[in-house]
Amino acid sequence: MEWWIIVLLALAGLGVLAGGFFGILRATRGLRQSLGTITSALNEAIAANNEPPKPRSLSSLESVAMPKILRDFPDFNAKVFSQRVRRDAETYYRSGKEGKVLFRNDATASFYESFEDRLPLDVKDEIKVHRVTIAAYDGSSRRKILTCQAAVGYIDRNDAQQERRLLLCYIAGYADDPESEVVGFNCPNCGAPLPAAGARVCVYCGTSFVAPVDRGWMLFDAKEG
């Protein structure tokens with residue numbers, strides 16, 4: 001065999017070996033990149049699992065509801081009423097923590113009865129109301145219904161952070177049951193029932209007055225959702 005043929009074969013063999021070597025390098029580099037991507041994704045997932053859950057988002061329709069509320073209740077103050085909602089949301093979960101209904105004279109009898117059987121029993125500590133908002137208002141009938149939402153966080157009995165969205169429904173003026181005739185608002189002068197929940201003048205004695213903002217609105221339903 002000619003010497004130059006031997007040289008060509010040797011060079012060809014070296015080329016094959018070099019190509020294989022660089023191919024292995026490229027494959028190794030690609031494998032490292034893939035492993036790096038997987039490791040990064042796993043680290044992000046672990047970090048996400050270790051982060052406490054964020055407060056629940058709320059469905060606010062306050063800008064739509066407020067003109068309707070003010071039409072029926074000219075003295076309604078959203079900022080003042082939001083304090084009432086915050087207080088009620090906290091009381092809802094404190095009731096679960098202590099194992100008994102802590103609402104007093106600001107809820108209907110039917111609410112007391114039903115709430116006793118559905119207390120949130122997993123509440124341990126650190127109840128915090130993040131935000132509240134008006135979600136809906138129905139003033140189409142004599143019964144005026146105001147629906148609010150609250151984003152609430154607490155530590156459960158497994159020491160885990162929980163975030164909940166609480167729906168609270170209020171009725172303006174009530175007898176004892178939200179399905180009954182609305183007679184909850186009375187004239188502060190003569191005691192006569194007012195013809196409408198948002199009335200500011202008694203039709204019997206002519207007394208003018210400002211209806212309380214956070215009284216007369218009775219909590220008649222509250223649930224997570």
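The values are calculated or read from the model by the stated rules, or taken from the named source; none is laboratory data. All figures in this text were calculated on a predicted structure; none of them were measured in a lab. For neighbour counting, all protein chains shown are included, and Cβ atoms are generated from backbone atoms with ideal geometry for every residue, glycine included.
Summary of values
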| quantity | calculated |
| --- | --- |
| Qualifying residue in the range 77-89 (condition: touching a residue at least 12 places away in the same chain (Cβ under 8 Å) and part of a loop (DSSP other than H, G, I, E, B)) | yes |
| Tabulated pairs, the range 213-225, first part of a strand (DSSP E or B), second at pLDDT below 85 and among the acidic types (Asp, Glu), C-beta under 8 angstrom, 6+ apart or interchain | Met218/Asp106; Leu219/Asp106 |
| Candidate set: the range 105-126, residues that are closer than 30 Å to Ile69 by Cα and not hydroxyl-bearing (Ser, Thr, Tyr); chosen: the one surrounded by the fewest Cβ atoms within 10 Å (Cβ to Cβ) | Asn105 |
| Condition check for Leu102: surrounded by fewer than 17 Cβ atoms within 10 Å (Cβ to Cβ) and either within 15 Å of Leu167 (Cβ to Cβ) or touching a Gly at 6+ places or on another chain (Cβ under 9 Å) (or both) | no |
| Residue within the range 91-100 that is in contact with a helix residue (DSSP H, G or I) (Cβ under 9 Å, 6 or more places away or on another chain), in a strand (DSSP E or B) and either assigned by TED's automatic domain parsing to the domain that holds Trp217 or without any contact (Cβ under 8 Å) to a residue 40 or more places away in the chain (or both) present | no |
| Filter result for Ile145 (closer than 15 Å to Trp217 by Cβ and among the aliphatic types (A, V, I, L, M)) | yes |
| The range 132-168 - residue that is among the polar types (S, T, N, Q) and assigned to a strand (DSSP E or B) and, of those, surrounded by the fewest Cβ atoms within 10 Å (Cβ to Cβ) | Gln161 |
| Selection from the range 120-163 of residues that are more than 11 Å from the chain's Cα centre (by Cα) and among the charged types (D, E, K, R) | Asp122, Lys124, Asp125, Glu126, Lys128, Asp138, Arg142, Arg143, Lys144, Asp156, Arg157, Asp159 |
| Filter pass, Arg56 being at pLDDT below 85 and in a loop (DSSP other than H, G, I, E, B) | yes |
